[in-house]
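Working notes, structure below.
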Amino acid sequence: MRLWGAIIAVTLANWLLKATGPLVLGDRRLPPLARRVVALMAPVLLAGLIVVELAGPDWDHLDGAQVLGVAVAGGAFALRAPMLVAVLIGAATAAGVRLL
Amino acid sequence: MSFRTGFAEGARLAVGPAAATFALGVSFGAAAAAGGWGFAAPMFFSAFGFSGSAQFSLLTTLHAGSVVAAVAAAFLINARYMVMGIALNDSLKGGRLWRALQAQALVDASFMVAHKGGGRFDMPRLVGATAVQWLCWVVGTLVGLLLQPEPGLMKQLGVDVIFPAFFLLLVLDEVRHNRRAAVAALLGAAISGGLLLVTEPGYALLAATAGALIGLPAQREAEPEKEAVR
């Protein structure tokens, strides 16, 4: 019961978090000031997600092979590799380093 | 562009994250089985909750403390969806309830691949990207519950690289022609990196959105629309 209660609570909270903006704003458009901030939300969240994924709480999860794999993927992309290929090269690099 | 074309484009762009989602789903299923969650609860959670970070958070915190604390931690991790929902709203159509329903398609990778630049989002692309990830997450959970593979296997295969690498490529694509976005991204990285030392990842991510405040001053000319990601 405890487990199901927690699962349903998190599920409902997740739905509510996603719905809050549209429910509150409806068809009202954001003012220009807010639109300029919102326009930068994607790159800011992306950068934050990368750091959180790589570093983890207290920077305890930092893993050299993972960081190298991500950097290699970025390098491959900068050298015009398609996105999926660049990611696979990065993953293969990390897997290779861990085999050594 | 028709809904079907946009949906297919979103699904195609999300193949990389979907592969990582599948692997994470397998990990979640295996961990839930090992944690004594049974079969129905993790399957229900993956199908209806569909949030890797919140699901893993609940899995690791529920047995150690109170239900309220565990639910609060999972809620905090997903608090960024409220900000993302506000950002998405201008790209939605219809009444409040219909908009709220469409916003349920929000997940990190989809939010990014659907971003057309300038705070505008392609909804068919977002839904397509989410659909393929949802399917991989649910099937991955099922496979994990049934096969219960070794916890270290995904890491050995380099699967842990896929999400951060994909996010890095998307951010490179975002900032390539937009200096202000590049500065905002660096600020977001610095804020989240600094706060990870003193607080939970959920707070660090939420606070990273403050980096977008550099968008407050008006620019002399509009930023060009982002090119389609490859």
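The values are calculated or read from the model by the stated rules, or taken from the named source; none is laboratory data. Because the structure is predicted, anything quoted here is derived from the model rather than measured. Glycine gets a Cβ as well: all are built from the backbone with ideal geometry, and neighbour counts include every protein chain shown.
Have a look at A:ALA34, A:ALA65, A:ALA71, A:ALA47 and point out the one that is surrounded by fewer than 23 Cβ atoms within 10 Å (Cβ to Cβ) and outside the structural domain of A:LEU88 (by TED's automatic domain parsing).
A:ALA34 is the lone residue from the list that is surrounded by fewer than 23 Cβ atoms within 10 Å (Cβ to Cβ) and outside the structural domain of A:LEU88 (by TED's automatic domain parsing).
Only helices (runs of 4 or more DSSP H) wholly contained in segment B:1-78 count here; list those with 2 or more residues that are out of contact with any strand residue (DSSP E or B) (no Cβ under 9 Å at 6 or more places or on another chain) and surrounded by 19 or more Cβ atoms within 10 Å (Cβ to Cβ).
It comes to B:3-13, B:15-34, B:52-61, B:67-77.
May I ask you to list pairs of residues, at least six apart or on different chains, whose Cβ atoms are under 6 Å apart, with the first in segment B:71-82 being closer than 10 Å to B:LEU58 by Cα and the second being among the hydroxyl-bearing types (Ser, Thr, Tyr)?
Once the first residue is closer than 10 Å to B:LEU58 by Cα and sits in segment B:71-82, its partners that are among the hydroxyl-bearing types (Ser, Thr, Tyr) give B:ALA73/B:SER57; B:ALA73/B:THR61; B:ALA74/B:SER57.
Taking A:PRO31 as meeting all but one of (1) within 7 Å of chain B (Cβ to nearest Cβ); (2) more than 15 Å from B:VAL161 (Cα to Cα), write down the number of the exception.
The failed condition is (1).
Could you list, in sequence order, the residues of segment B:20-55 that are of a type in the set (S, T, N, Q), within 9 Å of another protein chain (Cβ to nearest Cβ) and in contact with a Phe, Trp or Tyr (Cβ under 7 Å, 6 or more places away or on another chain)?
Answer for segment B:20-55, where residues must be of a type in the set (S, T, N, Q), within 9 Å of another protein chain (Cβ to nearest Cβ) and in contact with a Phe, Trp or Tyr (Cβ under 7 Å, 6 or more places away or on another chain): just B:GLN55.
Report the residue count in segment A:1-24 for those that are under 25 Å from the mean Cα position of the chain (by Cα), within 7 Å of another protein chain (Cβ to nearest Cβ) and not polar (S, T, N, Q).
Residues that pass the stated criteria total 12.
Conditions: (1) in contact with a helix residue (DSSP H, G or I) (Cβ under 8 Å, 6 or more places away or on another chain); (2) more than 7 Å from every other protein chain (Cβ to nearest Cβ). B:VAL161 meets all but one. Number of the miss?
Answer for B:VAL161: the failing condition is (2).
Residues are listed down the side, and each one gets a yes or a no for (1) of a type in the set (S, T, N, Q); (2) at the interface with chain A (Cβ under 7 Å from one of its Cβ atoms); (3) farther than 14 Å from A:ALA55 by Cα:
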position: B:PHE167; (1), (2), (3): no, yes, yes
position: B:LEU170; (1), (2), (3): no, yes, yes
position: B:ASP173; (1), (2), (3): no, no, yes
position: B:ARG176; (1), (2), (3): no, no, yes
position: B:ARG179; (1), (2), (3): no, no, yes
position: B:LEU195; (1), (2), (3): no, no, no
position: B:VAL198; (1), (2), (3): no, no, no
position: B:GLY202; (1), (2), (3): no, no, no
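Hey, A:ILE89 hits all of (1) more than 7 Å from chain B (Cβ to nearest Cβ); (2) over 20 Å from B:LEU168 (Cα atoms); (3) β-branched (Val, Ile, Thr) but one; which does it fall short on?
The number of the failed condition is (2).
Within segment B:116-138, how many residues are within 14 Å of B:ALA11 (Cα to Cα), outside any helix (DSSP H, G or I) and of a type outside the set (Asp, Glu)?
Result for segment B:116-138: 0.
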